[in-house]
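Everything on this sheet refers to the single structure shown next.
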Amino acid sequence: MAQNADDREMEQLIEELSSSPQRTRSQASQESVTTSKPRQRSPVKESHGVMGKSGNKSRPYKGRLAKDRRSRTGVRGGPKKGGAGGKGTWGKLTDTYSGEDSTKDIRDPNYNSEEESYVVATVRPELTEEQFEAFFQPIIKEYYDHGDATEVAVSLEELNLGSLGYKVPQLTVTMALEGKADQRELTSRLISDLYGEVIEGPDVAKGFDSLLENLEDLCLDTPDAAEVLGCFIARAVADDCLPPAYVSNHSNSRDKAKLAVQLGYDWSGVSSTVLQSCYKAC
C-alpha cells in the first residue's frame, strides 16, 4: 500500500513538471497582449486634421492624398443673381448647352472661320469719262423712246459716278442739241427729275460750264447751239436746278458763250411752261 502511494505522488509530480512550461507560455502571451499599447494612426491618412502635442487639431495635411478643390482653370465661379454659377460653370439645372458660343472663340480647337458671319459689301470702282459715255449714251437713247426718268435714275444709282456727276447734264444736253424739239424738252425734264436724287446743284453748274467752254465746237455740228443752250440754261433756272446768280454773274469772253448766257438771263424770269415752246422756236 505504501508503494502505491509513492507511485501516485511520483506521477502527480511528473504531470506538474510537464504542464508548467505550457502555462508559462500562455500566461506570457496574455500579458503581452494586455500590456501592449494601441498603434497610432499615421498623420498622412488623416484628412480632417492631426492632433498635436497640446491636444489641439492642426491644419489639414496637404499631401498627395488630400483633395484640392480649387478650380484648375483660374476662373472664379461665383454665383450670379439668377442663382446660376459664374463664368466657367455649368449654370442652372434647367439650362441647355448648345455648344454654339464655345466654337466662336478663335482659341478654341473646334473654331471654324467659315462659320463666322460676314457682311459682304459690293465696291464699285469709279468710272472713267470714256466708260461713262459708253454706258450712258444708250440709256439716253432709250429714254427718248419711253420717257421714264425713273429707269435712268435706277441705272445711274448702280454706278459709282464719283466726280463725274457733271457729265450727266453735259452729255444729255450735248445729245439733245442734235435732236428734235421734243427730245430737248425731255432732256430738261430729265435734269429736273435727277436733281436732288442723282446729281446736285454743283454738278448742274459744272455741266453747263463745260458746255459753254466747248460751245464753239458744238456750233460746228449745230449752228444754233448757242440759242438752244440759252434755252437749257433758262429752263434749269426756272426748274430751280441753277441759281439765278449763275446767269447774272457769269462771265465768259467767248462770243457764243456770251450769247447763250445772255439768252438764259433774258428768259430766266419766264416760267417753265412758257419755255417749252422755246425749243420749237430754235
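The values are calculated or read from the model by the stated rules, or taken from the named source; none is laboratory data. Since the structure is predicted, the reported quantities are computational estimates derived from the model, not experimental observations. Because the Cβ atoms are built from the backbone with ideal geometry, glycine has one as well, and the counts that use them run over all protein chains shown. Protein only, heavy atoms only, side chains kept; ligands, DNA and RNA dropped before computing areas. Shrake-Rupley method; radii C 1.70, N 1.55, O 1.52, S 1.80 Å.
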Inter-residue pairs, beta-carbon under 8 Å, first touching a residue at least 40 places away in the same chain (Cβ under 8 Å) and under 15 Å from Ser188 (Cα atoms) and in region 139-162, second open to solvent by less than 90 Å² (accessible area, probe 1.4 Å) and not in a helix (DSSP H, G or I), 6+ apart: Tyr144/Gly179; Ala153/Val198
How many of the residues in region 197-213 are more than 10 Å from Pro169 (Cα to Cα) and open to solvent by 40 Å² or more (accessible area, probe 1.4 Å)? 5
Residues in region 173-190: is at least one hydrophobic (A, V, I, L, M, F, W, C), in contact with an Asp or Glu (Cβ under 7 Å, 6 or more places away or on another chain) and either open to solvent by 10 Å² or more (accessible area, probe 1.4 Å) or touching a residue at least 12 places away in the same chain (Cβ under 8 Å) (or both)? no
Counting only helices (runs of 4 or more DSSP H) entirely within region 170-243, those with at least 2 residues that are over 25 Å from Leu159 (Cβ atoms) are 181-194, 215-221, 225-238
Scan region 179-197 residue by residue and report those that are charged (D, E, K, R) and closer than 16 Å to Asp145 by Cα. Lys180, Asp182, Arg184, Glu185, Arg189
When region 246-265 is checked residue by residue, the ones that are among the aliphatic types (A, V, I, L, M) and either open to solvent by 50 Å² or more (accessible area, probe 1.4 Å) or not in a helix (DSSP H, G or I) (or both) are Leu259
Tell me, please, whether a residue that is modelled with pLDDT under 90, farther than 25 Å from Gly147 by Cβ and in contact with a Gly (Cβ under 6 Å, 6 or more places away or on another chain) can be found in region 234-256. yes
Is it fair to say Leu161 is in a loop (DSSP other than H, G, I, E, B), on the phi < 0 side of the Ramachandran plot, of a type in the set (A, V, I, L, M, F, W, C) and buried (at least 18 other Cβ atoms within 10 Å of the Cβ)? yes
